[in-house]
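Here, each number is a calculation from the coordinates, and none is a lab measurement. Please read all numbers here as calculations on a predicted model, not as lab measurements. Cβ sites come from the backbone with ideal geometry, for glycine too, and all protein chains shown count toward neighbours.
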Amino acid sequence: MILIIIGLICGLIASILGAGSSMLVVPLLEYVYPSLVGESLTVQTITSAALVLTLFSTGAATVRHHFAKRIPYKKK
């Protein structure tokens, strides 16, 4: 549950600032998560979580651009 909350916070802040959410989630999982839970995550787990967050954020952006008809599918 804490990981979902951290992901949502990073996604919100990253969308406001225009920065990548992985730039925020990696330090949070490395330094803040252990202080909240009491156990640290491995580098592989943090990297996997950042990749999943990036997958969902780019997927959501693609769907938004598709419905706004901003993706040119046909060659000119």
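What do you get when you divide the Cα radius of gyration of the chain by 2.2 N^0.38 Å, with N the number of residues? Walk me through the numbers on the way to the answer.
Working: Rg = 15.2 Å, N = 76, 2.2 N^0.38 = 11.4 Å.
Its radius of gyration relative to the 2.2 N^0.38 Å reference: 1.34.
Where does each of 22-28, 3-9, 37-43 land if you order them by average Cβ count within 10 Å, highest first?
Numbers: 22-28: 17.6, 3-9: 14.4, 37-43: 10.6.
My ranking of the peptides, most packed first, is 22-28, 3-9, 37-43.
For the range 1-15 and the range 23-54, compute the distance between their C-alpha centroids and round to whole Å.
11 Å
Below 8 Å between Cα atoms, with a sequence gap of 6+, how large is the relative contact order for the range 9-59 in percent? Don't skip to the end; give the middle numbers.
Working: 31 pairs, mean separation 17.5, N = 51.
For the range 9-59, the relative contact order is 34 percent.
Against the longest principal axis of the chain, how steep is helix 2-17, in degrees 0 to 90 to the nearest 10, with axes from Cα atoms?
50 degrees
How big is the charge dipole of the chain about its Cα centre, in debye rounded to the nearest 20, if each Lys and Arg gets +1 on its Cβ and each Asp and Glu gets -1 on its Cβ?
Details: 6 positive and 2 negative charges, 188 e Å.
Dipole of the chain, to the nearest 20 debye: 900 debye.
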